[in-house]
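Structure first, commentary second.
Throughout, read-outs are computed from the coordinates displayed, never taken from laboratory work. Since the structure is predicted, the reported quantities are computational estimates derived from the model, not experimental observations. Methodologically, a virtual Cβ is constructed for each residue, glycine included, from the backbone with ideal geometry; neighbour enumeration extends over all protein chains shown.
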Amino acid sequence: MVQADDRAIAFKNQVAVVGIGTTNHYGTYNEMGAYGMAQEAFKNALDDCGLTQDDIDGLIVGTGTGEPTAYDDMARILGVHPRVAYPYSNGGRLFGPSVMLMASLVASGQCDNVAFVYTNNARTTRVKFGGQDEGASAIHPAYGFTSPGANAAIEFRRYLHEFNQDREKLAAIAIGQRKSAALNDMAIFRDRPLTFEDYVNARYIAEPLRLNDYCIINDGAIVFILSRADRAKSLKKPPVYIRAASQQGGWSIYHWQDGFEYEPYSRVAKRVYGAADVTPKDVDALFWYDAFAPFLLYYLEGFGFCGRGEALDFIQGGRIELGGELPVNTSGGHLSETYLQGRAIMVEAVRQIRGECGPRQVPNAQIVQFIGTAPNASSFILSKD
Amino acid sequence: MPDYTKPLPVITQDSEPYWSAAKAHEFRMQRCTDCGKFRFPPTHACWYCLSTNTEWAELSGRGTVWSFTVMHQPYYKGFTDELPYAVLVVELEEGPRIASNIVDCKREDIRIGMPVQVVFDDVTPEVTLPKFRPV
Ligand SMILES: [Zn+2]
């Protein structure tokens with residue numbers, strides 16, 4: 001493992017994603033619980049790469065927002081006996097860092113094949129984001145302030161004010177990703193086209209954010225397997241290399257720091273592009289943590305795809321759609337495919353590099369990037385070689 | 001007073017002086033007596049320098065609206081009748097930013113940068129919520 005000068009981890013083709021598996025559908029799973037979904041996705045991931053249960057010597061269990069899953073019970077019901085096993089909780093914003101840790105386990109020689117197992121039955125367990133007890137020092141509920149979406153709405157309104165921008169330009173994100181979802185049989189909103197009129201006529205949840213600026217809440221499970229690159233070539237599918245990964249902590253939601261997380265994102269950008277030896281211009285498709293549509297604006301600016309305050313203009317005219325200069329979340333993402341806290345987006349990123357995306361394939365995708373949200377701004381870069 | 005159905009703040013060791021001051025209609029926050037910085041929400045030690053030397057300094061109560069949202073989704077029973085209602089983030093003259101509600105102002109009239117002043121809303125005999133009104 002090589003530490004770049006600026007301390008992103010450059011994996012230098014030591015680690016590859018070799019297997020991906022999902023539940024057979026997303027949406028509502030009445031027929032099985034969280035563990036059952038994990039078994040289904042795990043079997044699909046093994047089938048995808050040709051590894052067996054005995055090959056798995058690392059297990060990371062990422063608990064979703066629904067029924068909790070314990071790492072030890074997970075190992076038992078998946079029939080694996082890994083050398084390294086631990087839980088990786090707290091959902092979405094730690095997804096990017098979890099990939100960084102898994103890759104480190106492989107690159108450091110601790111594990112040959114690490115499985116990341118994520119299962120979430122948020123839909124059937126009726127998970128709500130907002131309105132719950134917000135912890136021991138809770139002040140906000142007394143003012144009716146709750147939910148990550150409301151916080152995103154406050155930040156987005158401030159953004160519109162600082163850059164004197166037009167709110168409705170945000171529509172390009174939800175509409176663009178919905179178009180991609182129409183080409184994805186797994187997408188929950190595959191058959192729900194979204195016009196600009198539909199978008200502006202949908203209800204507000206927390207103004208200025210409307211319904212389609214929010215991610216879906218659904219059930220599903222994802223498993224992906226990372227392996228030593230030198231062995232990956234002999235498996236069923238072409239390896240997808242993890243070139244570099246980085247993250248930056250120290251930013252916290254609900255404290256309204258200035259700058260729309262520009263500083264943590266630009267720090268991660270400098271590290272991850274440096275370690276992967278690429279620039280934003282080399283990125284063939286961008287995969288982003290789209291819990292709420294405005295996050296893309298802050299990523300695009302912080303990672304240098306466009307200048308500060310320019311992202312709402314940058315995303316217009318089909319630039320972020322299939323066929324555009326920078327297609328984003330080509331599966332439909334959290335907004336239109338499935339909300340599995342970054343993991344399903346990882347699956348799509350891998351499929352793009354493999355060339356498995358059919359009608360939504362980005363031609364000759366060589367380098368794709370994932371960006372995860374602050375706090376714990378994170379990014380990793382996947383490549384064909 | 002009719003039954004108050006909205007959520008009440010959870011008062012902790014750290015935040016008790018904040019709520020006691022509010023009950024006395026004083027707006028106080030922690031200021032580190034070593035580095036001089038204000039902090040909110042209340043914590044045991046200063047997060048700038050980790051000093052525990054703290055005073056509960058009285059604030060001017062003046063600030064500006066940093067941003068706001070209008071909540072359209074029912075999350076708390078006690079707020080359902082008021083939907084849609086505004087939640088603002090106020091940037092206080094002394095620096096901290098806090099979430100609150102606005103009084104004496106229609107939600108259509110709220111603007112970023114609008115000057116506001118703290119007011120005290122005695123919502124129960126025990127709890128007073130600092131809120132803001134336009135100046
Ligand atoms: Zn201090």
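Is there a quick way to get the dipole size of chain A? I mean about its Cα centre, with the Cβ of Lys and Arg at +1 and of Asp and Glu at -1; what is the value in debye to the nearest 20?
Dipole about the Cα centre, nearest 20: 360 debye.
Report, in whole Å, the centroid distance computed from the Cα atoms of segment A:238-297 and segment B:57-98.
The distance from the Cα centre of segment A:238-297 to that of segment B:57-98 comes to 30 Å.
Take chain A, connect every pair of alpha-carbon atoms lying under 10 Å apart with a spring to form a Gaussian network, then pick out the residue of A:Asn201, A:Asn120, A:Asn212 with the largest mean-square fluctuation.
A:Asn201
To make sure I understand, if each residue's beta carbon is the centre and we count other beta carbons within 10 Å, what order do A:Phe303, A:Phe314, B:Phe120 fall in, fewest to most?
Final ranking by Cβ density, sparse to dense: B:Phe120, A:Phe314, A:Phe303.
Springs between alpha-carbon atoms under 10 Å, Gaussian network over chain A: tell me which of A:Tyr265, A:Tyr159, A:Tyr298 tops the mean-square fluctuations.
Residue with maximal mean-square fluctuation among A:Tyr265, A:Tyr159, A:Tyr298: A:Tyr159.
Which order do B:Asp121, A:Asp258 fall in if you start with the one that has the fewest other Cβ atoms within 10 Å?
A:Asp258, B:Asp121
Per 10 Å bin from zero, what fraction in whole % of the C-alpha pairs of the protein assembly as shown is there, up to the bin with the longest pair?
In order of increasing distance, the bins hold 4, 18, 27, 25, 17, 8, 1, 0 percent.
Quick one: if you stick a label point 7 Å off each Cα along the C-beta vector at A:Lys233 and A:Ala70, how many nm between them?
The modelled label-to-label distance comes out at 4.3 nm.
Let me know the number of lysine pairs in segment B:16-134 closer than 23 Å at the Cα, not counting same-chain pairs under 8 apart.
Lysine pairs meeting the criterion: 5.
Quick one: 3J(HN,Hα) in Hz for segment A:305-320, Karplus 6.51/-1.76/1.60 with θ = phi - 60°, rounded, Gly and Pro as x.
Karplus-based 3J(HN,Hα) across segment A:305-320 equals 6, 7, x, 5, x, 9, 5, 5, 7, 4, 7, 7, x, x, 4, 9 Hz.
Taking chain B as a Gaussian network, Cα atoms linked when under 10 Å apart, which of B:Val70, B:Val116, B:Val89 shows the biggest mean-square fluctuation?
Top of the fluctuation ranking is B:Val70.
With the dipole of chain B worked out from charges on the C-beta (+1 for Lys and Arg, -1 for Asp and Glu) around the Cα centre, which of B:Trp66, B:Thr54, B:Ala24 lies farthest toward the positive end?
Towards the positive end, the residue furthest out is B:Trp66.
In which sequence would A:Ile353, A:Ile242 go, from the one with the fewest C-beta neighbours within 10 Å to the one with the most?
A:Ile353, A:Ile242
Using every Cα-Cα pair within segment B:16-134, state what percent have a distance larger than 22 Å.
40
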